[in-house]
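Novice: Let me begin by handing over the structure; questions about it come next.
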DNA sequence: GCCGATTTGTCCGTATGTATC
DNA sequence: CGATACATACGGACAAATCGG
């Protein structure tokens, strides 16, 4: 259980919603009621609720209340709104996963790489390519560029394991922000070399820029997904008139 | 200019970041400094900053500061994190846009429709199909199901215009929450009938469940995009250990 | 249409905890 | 260790929207 109070309240409310304790389409108890139940301040309850709004569990309306809009679909193979490693996703969905490194070499950012990744021209990088297998079938081709100055001791052997675990545990680098762009691209010969696309001639491509806790972009990864096992979710809340 | 203080501060900070007033990779002024500058409370500054974090402009770190991670790429043809109508998107990107209704008829949700849309079986709906043209080329096939009880007077003529404007202005229905799922699907004969896919044999499909202010899902729309003009953006922030 | 009770939205001030340097 | 910075939490005040009488 998390130490922070607002996360405790958030978790409990979420669990109640998922378990059907609050009827769908109905109002949750009012903030004042929840204040009494959880013995906390109004702000703390409000923070928990705002996280539930962000996650698409509830919807609020001034003068009315907090409405449960949970629908238990969400059997996604890939979840949005958070940074999740390939391994974490596979574990959550109960699939076996393996990772193979098919390329690893130092390189320098030229104009083309810079334009694509956002690294400055001339930056010293590692180029890393990995294949992710789900239940024994190659499903994702990962093309990464890593800032060498952030991880000078990186080797192919380390990349074979969990890159993020290395960065966090060995280098004490906690990943904070990630900017993602999603597109659909025609398959390249390289895609076909590694992935069995079946009928598809396209891939779902997620371009990911990852920033460490110092605000330095240290990783650009293009994840090229077999379309059949790709899914992305998102919730949006409309603001009254936010230009 | 928005009336709310936190939005004013948010807008001003965002504009300064976009205009390069704060160096990229450097810290913004501390919260206490901003409190003095904007003559407000700590909470208000923090709220503005938290919105900037959500939008991928800055990143915060306890004990350190608020770091500018803005990168002026973002020339996307489709923006995430908010609910934007086709018309709004086209206007923003300077493209001409037209909408054609190619099908409009009442129907009832059967098992298949219910499973796909999330409407209950037996619900009375309108089935609506529209084509969106960008600069004269058909780019999006929209397949919608609308809850008839929420818009009993809807006609094909109204659907020819702006559906959302009708809902908001005529019915006083303000849209609040939208749940989106993105996938890549093989083109169907129907897709090929309406869209010129060129080399692609897939489409980018955005399934959208829209809730009105009463918490009732009133619209399910599947937007089937020509892949070449589709792009989706997202920012994610990793929490320390949020299970 | 008005009024009052309820509920969420905004904003303030303060105190304490925790991470960074 | 101390100074600084962000993170969490509390309590209070008023505004704005909703709903029922």
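The values are calculated or read from the model by the stated rules, or taken from the named source; none is laboratory data. Since the structure is predicted, the reported quantities are computational estimates derived from the model, not experimental observations. Note: ideal-geometry Cβ built from the backbone for every residue, glycine included; neighbour counts use all protein chains shown.
Novice: Considering only region B:36-45, how many residues are within 15 Å of residue B:66 (Cβ to Cβ), under 32 Å from the mean Cα position of the chain (by Cα) and either crowded, with 17+ Cβ neighbours inside 10 Å or more than 10 Å from DNA strand C (Cβ to nearest atom) (or both)?
Specialist: So the answer is 3.
Novice: Restricting attention to region A:217-238, and to residues there that are more than 7 Å from chain B (Cβ to nearest Cβ) and farther than 11 Å from residue A:144 by Cβ, which single residue is modelled with the lowest pLDDT?
Specialist: The selected residue is A:229.
Novice: Output the residues belonging to region A:18-35 that are surrounded by 14 or more Cβ atoms within 10 Å (Cβ to Cβ), within 16 Å of residue A:63 (Cα to Cα) and within 12 Å of DNA strand D (Cβ to nearest atom).
Specialist: A:27, A:31
Residue by residue, here is whether (1) touching a residue at least 60 places away in the same chain (Cβ under 8 Å); (2) within 17 Å of residue B:221 (Cβ to Cβ) holds:
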| residue | (1), (2) |
| --- | --- |
| B:101 | no, yes |
| B:108 | no, no |
| B:111 | no, no |
| B:125 | no, yes |
| B:131 | yes, yes |
| B:140 | yes, yes |
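Novice: Still on this model: With the structure loaded, tell me whether residue A:144 is away from every other protein chain (no Cβ under 14 Å) and more than 29 Å from residue B:224 (Cα to Cα) or whether it fails that test.
Specialist: Here the answer is yes, as residue A:144 does meet what is asked.
Novice: Against the definition (within 14 Å of chain B (Cβ to nearest Cβ) and either in a helix (DSSP H, G or I) or without any contact (Cβ under 8 Å) to a residue 12 or more places away in the chain (or both)), how does residue A:35 come out, yes or no?
Specialist: No.
Novice: Quick check on region B:60-75. Is at least one of its residues modelled with pLDDT under 95, assigned to a helix (DSSP H, G or I) and either touching a helix residue (DSSP H, G or I) at 6+ places or on another chain (Cβ under 9 Å) or at the interface with chain A (Cβ under 10 Å from one of its Cβ atoms) (or both)?
Specialist: no
Novice: Residue A:193 fails exactly one of the following numbered conditions: (1) more than 18 Å from residue A:223 (Cα to Cα); (2) more than 18 Å from the chain's Cα centre (by Cα); (3) outside any loop (DSSP other than H, G, I, E, B). What is the number of that condition?
Specialist: Of the numbered conditions (1) more than 18 Å from residue A:223 (Cα to Cα); (2) more than 18 Å from the chain's Cα centre (by Cα); (3) outside any loop (DSSP other than H, G, I, E, B), the odd one out for residue A:193 is (1).
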